[in-house]
Amino acid sequence: MRKIGSIFLLILLLAITAGCGEKQTTNAEGEDKSGEVKKVIVGTGTQFPNICYIDENGKLTGYDVEVIRAIDKLLPEYEFDFKTMEFSNLLLSLETKKIDMIAHNMAQNEERKKKFLFNDETYNYSPLYITVNENTDDVESLDDLHGRKIIVGATSNAAVFLEKYNNEHSNKINIVYAGQGSDDAATQLKNGRVDATLATPFAVDFSNKAVDAEQKVVGDIIINSKVYFLFNKAESELKEQVDEALKQLKGNGTLANLSKKWLGDDYSVESN
């Protein structure tokens with residue numbers, strides 16, 4: 001009996017050892033699936049109010065971050081980990097495969113489409129308005145900014161839009177690129193070093209509450225970009241799985257609820 005018991009214990013230990021490194025999972029359709037869990041490094045930032053930022057408790061959060069966490073729950077064959085960096089470093093990090101995807105309110109443009117892979121399912125619409133100091137009363141349109149300074153993030157969709165605008169309007173607008181600290185958009189706009197920026201209403205509302213930015217949006221929507229995740233071109237399978245997860249999050253109301261919580265309205269559907 002003692003010998004039989006020892007053999008049984010040995011078999012049990014071998015079975016446990018053989019199972020190490022594998023994880024019993026279910027896919028997006030609820031089917032059982034065993035195998036190695038693939039780690040996905042998600043590049044994001046910490047300076048975009050309500051989208052990806054560090055809260056008062058030191059936690060990385062915001063709409064884009066929480067959408068990724070919701071996707072993570074639906075795709076147990078993947079493990080999504082965040083890597084934070086300056087916005088200007090995201091595209092280079094994706095190109096050199098230091099990260100697998102980007103979650104940072106990314107809109108499509110031709111240059112990005114040549115190098116990277118966008119998913120098919122948009123998860124947000126990002127309406128950008130001209131944003132000025134609350135005491136500014138003579139700006140309603142881009143025409144009103146001719147000869148003035150407008151600050152945007154380098155390589156951002158707003159920057160691409162304004163650079164194209166300048167090419168078509170004899171460089172009428174003086175584009176300034178935002179830095180960090182005293183050179184960021186909020187500080188420069190508040191102290192009068194620049195005249196305007198392009199921002200979403202939810203970013204303006206957050207900045208006003210968080211740092212008394214003294215901003216307001218004016219005029220009509222300048223750009224209403226569809227927002228996507230951005231992948232290395234080798235990650236087509238991951239992209240397809242993320243699309244399927246986003247469809248589920250839209251269908252069950254999770255995406256709309258996250259948008260209302262973080263952005264103040266349902267920006268998962270297009271604004272009028």
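The values are calculated or read from the model by the stated rules, or taken from the named source; none is laboratory data. All values derive from a computational prediction rather than experimental measurement. Glycine also receives a Cβ, built like all others from the backbone with ideal geometry; neighbour counts cover every protein chain displayed. Heads up: the accessible areas ignore ligands, DNA and RNA and are worked out on the full protein's heavy atoms, side chains in. Shrake-Rupley method; radii C 1.70, N 1.55, O 1.52, S 1.80 Å.
A few comments on the model shown:
- Probe 1.4 Å, protein heavy atoms only - accessible area per residue of the chain in square angstrom: 53 Å²
- Placing +1 on the Cβ of every Lys and Arg and -1 on the Cβ of every Asp and Glu, with nothing else charged, gives the chain a dipole about its Cα centre of roughly 1080 debye.
- Its relative contact order, with pairs defined as Cα atoms under 8 Å and 6+ residues apart, puts the chain at 23 percent.
- Entries of K83/K239; K115/K172; K73/K247; K209/K250; K113/K247 with Cα pairs more than 20 Å apart: K115/K172; K209/K250; K113/K247
- Value at 222 nm in deg cm²/dmol, rounded to 500, when DSSP H runs of n ≥ 4 in the chain each add -39,500 (n - 2.57): -11000 deg cm²/dmol
- Each Lys and Arg Cβ is given +1 and each Asp and Glu Cβ -1; about its Cα centre, region 84-125 then shows a dipole of about 160 debye.
- Region 40-129: C-alpha gyration tensor shape, a/c 1.5 cut-off, then a/b vs b/c: rounded
- Highest mean packing comes first when the peptides 149-162, 36-49 are listed by Cβ atoms within 10 Å, giving 149-162, 36-49.
- Dipole moment magnitude, nearest 20 debye, region 69-164 about Cα centre, only Lys, Arg, Asp, Glu C-beta charged: 460 debye
- Pair-distance profile P(r), taking every C-alpha pair of the chain, with 10 angstrom steps and integer %: 6, 26, 31, 19, 8, 5, 3, 2, 1, 0
- Of all accessible heavy-atom area on the chain, the percent that carbon and sulfur account for (1.4 Å): 48 percent
- Ordering P76, Y177, A159 by Cα displacement along the dipole of the chain toward the positive end leaves P76 in first place; charges were set at the Cβ atoms of Lys, Arg (+1) and Asp, Glu (-1).
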